[in-house]
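Here is the structure we will look at.
The values are calculated or read from the model by the stated rules, or taken from the named source; none is laboratory data. In this text, all values refer to a predicted model and were calculated from it rather than measured experimentally. Positions of Cβ are backbone-derived with ideal geometry, glycine not excepted, and every protein chain shown enters the neighbour counts.
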Amino acid sequence: MSYVGKNIRKLRAVKKLSQAAFAELFGLARPSVGAYEEGRSEPKMETLIQIAQHFGLSVDLLLTKELTVNELYHFDIFKEQLQKEAPAPEVLAEADRKQHVTPLVYRNRALEYIVHHHDPAFIDSLPWVQMPHDLSGPTRAFEVSGADMLLHRQGLRHQDIVLCCRVDKAKPTLHNGRVYAFVTQSKILIRRLAGRLPDGTTLKLRADNPDYGSQDLELTQALEIWEVRGVFTTHLRPPALLDERVAALERKVEALLERLSDHE
């Protein structure tokens with residue numbers, strides 16, 4: 001049984017969106033939204049992924065569980081409504097830009113960044129964060145939106161901050177398996193490079209979360225390319241099962257060595 005219709009209705013109610021406004025947000029016809037909510041049809045996978053990414057949820061949650069208001073609050077669906085708009089940060093003087101200071105692009109300013117990414121005055125107006133690193137050249141920090149790079153509670157979480165260094169678009173050096181932030185005309189896309197198509201100019205990108213399919217991106221469609229080199233997160237990740245086993249073995253070896261030393 002799919003709960004997507006009930007969850008869409010609840011998301012609309014929490015965000016105070018009409019069916020028409022919700023439909024416009026995802027390029028749908030208004031009657032389609034009504035059909036989803038009444039259980040007469042279900043969204044295509046592409047639409048489900050767009051809805052999940054927009055609200056910072058996962059596709060499996062939308063489909064397999066009727067979400068409560070408390071859970072929606074946990075995912076910041078309407079917490080953002082309670083936050084007042086932050087005052088515009090002061091433009092930093094060149095002399096005040098210390099080492100390791102990086103302009104930060106919040107997810108709600110992604111479209112604004114796409115439009116003005118080439119404008120130095122706009123870059124100066126962004127919030128700046130100081131993160132320790134040894135990267136050379138220009139850097140950017142992007143806030144992660146959605147759970148498409150999260151697998152088994154490992155990876156990039158919604159609202160994590162990734163630290164990136166610039167890739168020269170004219171002569172891009174890209175490595176399979178690494179994660180990049182691609183600034184395109186419509187979005188800032190954070191994906192892992194899975195290879196290139198035979199034409200050599202089309203990249204094959206994949207999300208770590210299998211709920212999100214792979215996609216192709218022409219290099220000419222990228223306004224900017226940034227390689228993800230670090231991440232700041234407020235989530236404490238539990239140790240992997242293998243790490244736990246290795247730690248247990250280390251403790252046993254230490255105890256055995258102590259016992260042997262006592263008998264010497």
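Odds and ends about this structure:
- Residues of region 36-53 that are surrounded by fewer than 16 Cβ atoms within 10 Å (Cβ to Cβ) and over 21 Å from Asp211 (Cβ atoms): Glu38, Gly39, Arg40.
- For region 160-171, filtering for residues that are within 21 Å of Tyr113 (Cα to Cα) and modelled with pLDDT under 90 leaves 2.
- Within the set Asp60, Asp76, the sole residue that is at pLDDT below 85, within 30 Å of Pro138 (Cβ to Cβ) and outside the structural domain of Met131 (by TED's automatic domain parsing) turns out to be Asp76.
- Arg109 being basic (Lys, Arg) and modelled with pLDDT of 65 or more: yes
- Filter result for Ala194 (farther than 25 Å from Pro127 by Cβ, at pLDDT below 95 and either hydrophobic (A, V, I, L, M, F, W, C) or touching a Cys at 6+ places or on another chain (Cβ under 7 Å) (or both)): yes
- Restricting region 146-187 to residues that are polar (S, T, N, Q) and without any contact (Cβ under 8 Å) to a residue 40 or more places away in the chain, the residue that is nearest to Leu219 (Cα to Cα): Thr173
- One residue alone among Gly137, Gly200 is modelled with pLDDT under 95 and more than 20 Å from Thr102 (Cβ to Cβ), and that residue is Gly200.
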